[in-house]
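Some notes on the structure that comes next.
Throughout, read-outs are computed from the coordinates displayed, never taken from laboratory work. Since the model is a prediction, treat every value here as computed from it, not as a measurement. Cβ: placed from backbone, ideal geometry, glycine included. Neighbour counts: every protein chain shown.
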Amino acid sequence: MSAVKQKLREELVMYGKLMPERNLVVGKSGNLSVRVPGENTILITPSMIEYQVLKPEDIPLVNLKGEVLEGKLAPSTEKVMHLAVYNARKDVGAVIHAHPVYGTILGVVGKPLPMLIDEMAIRLGGQVEVAEYKMAGSQDLAESALKGLGNRSAVFLANHGSLCCGKDLKEAFHVTEFLERMSQVYVTSLLIGKPKPLPEESIKFELEVYKYLHKAE
Ligand SMILES: [Zn+2]
């Protein structure tokens, strides 16, 4: 096993364990993946295993067509959704699918998340859309998620959860947590008043920053 892949597998295990700890999933749900630099492959969490017992050697290596190249365990059933993002977005180095409470609420009611505070456009790349409902694990969900994601860093999956991406696992995990925090702000704001969106000129400037930070090399 190469040193690079070993390090990425260790990182996947570390961020995987944080998923239930940070309330982003319950039990075995959700999944994380990372692109292996310089190869047309990804490492992705396996299906049906508790994060707390997950070990680096349990993480399968899959090519961009979805064929398993290394590992005894089956990759996550959502691998098609992860692969759709890697195949379409060269700027993406890591993808995380979670079931966080407030993000799932917005996906259940079908409400996109507008830009509400300054950091949002820079981190998320614009209003977070709700991808049309499709069955979990299906090619249809992969296509719907990719369409909803566009060139941004996050999308809600209708009646399901969230899908976030970043240049590496650290960034994808931060986007996942940040999206959930902003979803909580939005849902709670709706309960006590009418949330005011950020001024247009601030959003425009911040989107330029996002574009600069997310240029595919
Ligand atoms: Zn899910």
Checklist entry - Which members of the range 7-37 meet the condition of being crowded, with 16+ Cβ neighbours inside 10 Å, within 16 Å of the ligand (Cβ to nearest atom) and outside any helix (DSSP H, G or I)? => result 24, 25, 28, 29, 30, 31, 32, 33
Next on the checklist: Just to be sure before I move on: is residue 80 touching a residue at least 40 places away in the same chain (Cβ under 8 Å), of a type in the set (Val, Ile, Thr) and within 16 Å of the ligand (Cβ to nearest atom) in the structure I sent?
Outcome noted: yes
Next on the checklist: Looking only at the range 131-151, how many residues end up being surrounded by 15 or more Cβ atoms within 10 Å (Cβ to Cβ), within 20 Å of residue 210 (Cβ to Cβ) and in contact with a strand residue (DSSP E or B) (Cβ under 7 Å, 6 or more places away or on another chain)?
Outcome noted: 4
Checklist entry - Quick check: is even one residue across the range 162-177 surrounded by fewer than 22 Cβ atoms within 10 Å (Cβ to Cβ), over 26 Å from residue 46 (Cα atoms) and more than 15 Å from the ligand (Cβ to nearest atom)? => result no
Checklist entry - Residues in the range 139-174 that are in contact (Cβ under 8 Å) with a residue 60 or more places away in the chain, assigned to a helix (DSSP H, G or I) and under 17 Å from residue 115 (Cβ atoms): how many? => result 1
Checklist entry - So, in the range 107-138, of the ones that are in contact (Cβ under 8 Å) with a residue 40 or more places away in the chain and within 16 Å of the ligand (Cβ to nearest atom), which residue ends up farthest from residue 96 (Cα to Cα)? => result 108
